[in-house]
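J.: I have a structure here, written as structure tokens, and I will follow up with some questions on it.
The values are calculated or read from the model by the stated rules, or taken from the named source; none is laboratory data. Model, not experiment: these values are computed from the prediction. Neighbour counts run over all protein chains shown; Cβ positions are idealised from the backbone, glycine included. With ligands, DNA and RNA removed, areas are computed over all heavy atoms of the protein, side chains included. Shrake-Rupley method; radii C 1.70, N 1.55, O 1.52, S 1.80 Å.
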Amino acid sequence: MKIIVVVTFCFFFSILSNAQVGNDAIQQSINNFSSSKELENAAISFMAYDLDSNIVLAEYNHRSAMPPASVVKLFTTAAAFEILGKDYRPKTEIYYTGMIDSSGVLNGDIVIRGLGDPSLGSRFFNDRENADEFLKTWTATIAEKGIKKVNGRVLADGSAFGYDGAPDGWSWSDMGNYYGSPASACAVYDNMTYLHFSTSSQLDGPTYLDSMTPPIPGYKLDNRVTTYNSSRDNAYIYGTPYSYERFAIGNLPRSKSNFEVKASVPDPELLLAQVVQTSLMKANIEVVLPAVGLRTILQEVDTVLNYSKMSLLLINEGKSVEDIAYWTNYRSVNFFAEQLLGLIGYEKTGLGGTSESTRYLNNYWEPRLGLKVYQTDGSGLARNNGFSAYHFIQLLKYMNASKNFKDFEASLPTAGESGTLRSVCRGQAAQGRMKAKSGTMNRIKSYAGYIDTKSGRKIAFALIVNNADLTSYQITKRMEVVFNSMANY
């Protein structure tokens, strides 16, 4: 009996010793990382947590909050799974006002009630040539109703998300670019347009805006983009929500025709009304008055649309939360994150504006995670978000115990293999074992997610760095050492 006890004790002691060695290796890796000269002025927050043993493996300033860039999307997508459910599908409703006479004339308006669907014409759910399939379906339904002429207008109502424009904390340098497309209850084509440029053969030569897809009436571009010796798009578009006057700076490759630069749409609500009206006109359904968005009407007169007195034509169901969250995390789509945030706010408070929605989300998470949450947008583009590594560990622990965990984790890219992590830890210990969200902005680099270790453990981790004197590539290479230490645990 004494021999058995001694052997058992030795075996248990060996397990503890090996675990301690693993702990020490992770702690040493983050200590070495943070002691780098290039990080002496940087703010760093790190934590690694063993979800199986419920113990902290390593930490470094784990309570220090700072803007983490796109890793904020973990909070947004987790909330969408928990609050809306993975099968929730945002809708768009089409109505008409007035009556249809015997000759097929609608003496009234076609009204589009947008309820936050981000998938209409989206490049993530449609091939370029099929982006207008929803328009064909809507137009066919209107024609089947016997409408041959609209003696009124096409009106789009995006009031469900309000009209505040971009979230507080977004930079002027982001708005105008495609990744700075704000949310809208009436969203279309990812709230994005393609600018088609032709470029000079001369170095530092001029460029010319030839066309747009979709075309946006009234769009004015002060084009200051010149050519350079590279094949990459280095052009940036500046402009605020609802402003049709934009200017472009930067560089594009020489000797190009139809070179595409993606930009945000000034007023998605109005654009949706316009493309629907164009589709009707192409089908020989005349629309007498110009398309309009409700925001424009509200600037002139206070009005409320009474849908109970309108006739419903169709309800268009968008993609599911599961589908939207996948692309939000896999490709870090800011626009989808903002739409998910707005959908949560609308469903729970009746208004999907950013301030209302983030207030609801912060109040939702605080009692569940046991800490104060400072989320100010859905995507992490706002620099006034405040999160520490501890924030993310608490969230990742919560989701690990959730019925939605499998779908939540499946939305995350895999290191060395997919999404925004396909080049991280490639051929290294963490490849295939780390599923995480990355965050990158000027002077910000962050990662948070899960690592399935070689010993069969599951780790939740978060690493946030602000103001490092390194390029994004350089800091990621140094972070890989930390990731691999966790994978080897």
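J.: Starting with the highest mean, order 178-186, 392-400, 369-377, 114-122 by the number of other Cβ atoms within 10 Å, averaged over the residues of each peptide.
T.: The packing order, highest mean first, is 178-186, 114-122, 392-400, 369-377.
J.: Considering only 327, 311, 263, whose Cα is most displaced toward the positive end of the charge dipole of the range 239-347, charges sitting on Cβ of Lys, Arg (+1) and Asp, Glu (-1)?
T.: 263
J.: Based on Cα positions only, what radius of gyration and what Dmax would you give for the chain, in angstroms?
T.: 25.7, 100
J.: Taking the Cα atoms of the range 193-241 alone, what are Rg (to one decimal) and Dmax (as a whole number) in Å?
T.: In Å, with Rg to one decimal and Dmax whole: 11.7, 34.
J.: How much length would be gained if the chain were fully extended between residue 311 and residue 362, taking 0.36 nm per residue of separation minus their Cα-Cα distance, in nm to one decimal? Kindly include the intermediate steps, with their values, before the conclusion.
T.: Numbers: separation 51, 0.36 × 51 = 18.36 nm, distance 3.81 nm.
So the extension gain works out to 14.5 nm.
J.: Which distance in Å, rounded to a whole number, links the C-alpha centroids of the range 79-104 and the range 318-390?
T.: Answer, in whole Å: 22.
J.: Any chance you could list P(r) for the range 118-275, counting all Cα-Cα pairs in 10 angstrom bins from zero, rounded to whole %?
T.: Spelled out bin by bin, the range 118-275 gives 10, 35, 32, 16, 5, 1 percent.
J.: Share of the range 119-162's accessible area from carbon and sulfur, percent, 1.4 Å?
T.: On the range 119-162, the fraction of accessible area on carbon and sulfur atoms equals 40 percent.
J.: Nearest 0.05, what FRET efficiency do residue 331 and residue 286 give at R0 = 41 Å with Cβ-Cβ as r?
T.: Using R0 = 41 Å, I get an efficiency of 0.50.
J.: If you take every residue apart from residue 320 with its C-beta less than 13 Å away from the C-beta of residue 320, what net charge results, scoring Lys and Arg +1 and Asp and Glu -1?
T.: Here the count lands on -2.
J.: Follow-up question, since we're still on this one. Kindly flag which residue pairs out of 348/435; 91/319; 91/136; 435/458; 348/437 have an alpha-carbon separation exceeding 19 Å in this structure.
T.: Going by Cα-Cα distance, 348/435; 348/437 fall outside the 19 Å limit.
J.: Within the chain, which whole H helices from DSSP have a Cα span along their axis of at least 15 Å and a mean Kyte-Doolittle hydropathy of -0.5 or more, if any?
T.: What comes out of the filter, once short or polar helices are dropped, is 2-34, 133-144, 268-282, 334-349, 389-400, 472-487.
J.: Treating the Cα atoms of the range 439-489 as identical point scatterers in vacuum, please give the log10 of the normalised Debye intensity I(q)/I(0) at q = 0.13, 0.22, 0.27 Å⁻¹, two decimals.
T.: Once normalised to I(0) and log-transformed, intensities are -0.33, -0.78, -1.00.
J.: Right, something else. Which entries of 372/406; 262/282; 86/477; 454/477 have Cα-Cα distances beyond 31 Å here?
T.: 86/477
J.: Now a separate question. Which number comes out as Rg/Rh for the range 109-156 once both Rg and the Kirkwood Rh are worked out on C-alpha atoms?
T.: Values: Rg = 12.7 Å, Rh = 12.3 Å.
We get a ratio of 1.03 for the range 109-156.
J.: Given charges of +1 on the Cβ of Lys and Arg and -1 on the Cβ of Asp and Glu, with all other atoms neutral, how large is the dipole of the chain about its Cα centre, in debye to the nearest 20?
T.: Working: 47 positive and 47 negative charges, 239 e Å.
The dipole of the chain has a size of about 1140 debye.
J.: Another question, then. Under a plain spin-label model, where a point goes 7 Å from the Cα along Cα-to-Cβ, how far apart in nm are residue 222 and residue 258?
T.: 3.1 nm
J.: Mind ranking 189-201, 65-77, 206-218 by how tightly packed they are, going by the mean number of other C-beta atoms within 10 angstrom, highest first?
T.: Ranking, from highest mean packing down: 65-77, 189-201, 206-218.
J.: Related question: Highest first, please rank the peptides 430-441, 145-156, 30-41 by the mean number of other Cβ atoms sitting within 10 Å of their residues.
T.: By packing density, highest mean first, the sequence is 430-441, 145-156, 30-41.
J.: What percent of all Cα-Cα pairs in the range 16-105 falls into each 10 Å bin, going from 0 up to the bin containing the maximum distance?
T.: Values per bin, smallest distances first: 12, 24, 23, 15, 9, 6, 6, 5, 1.
J.: For the range 65-210, compute the orientation-averaged projected area of the C-alpha convex hull (one quarter of its surface), in nm².
T.: 14.1 nm²
J.: By how many nm would the segment from residue 107 to residue 201 grow when fully extended, if each residue of separation counts as 0.36 nm and the alpha-carbon distance is taken off?
T.: 28.4 nm
J.: Could you give the length gained on full extension between residue 410 and residue 469, defined as 0.36 nm per residue of separation minus the Cα-Cα distance, in nm?
T.: The residue 410-residue 469 span can extend by a further 17.9 nm.
J.: Still on this structure, please answer the following. If you filter the range 209-295 for trypsin sites (Lys or Arg not before Pro), then keep DSSP loop positions with at most 10 other Cβ within 10 Å, what is left?
T.: Taking the range 209-295 and a limit of 10 other Cβ atoms within 10 Å, the loop trypsin sites (Lys or Arg not before Pro) found are 232.
J.: Oh, and also: On a straight-distance basis, which aspartates and glutamates could pair with residue 148 in a cross-link, Cα separation under 18 angstrom, same-chain partners fewer than 8 positions away excluded?
T.: Correct list for residue 148: 101, 109, 286.
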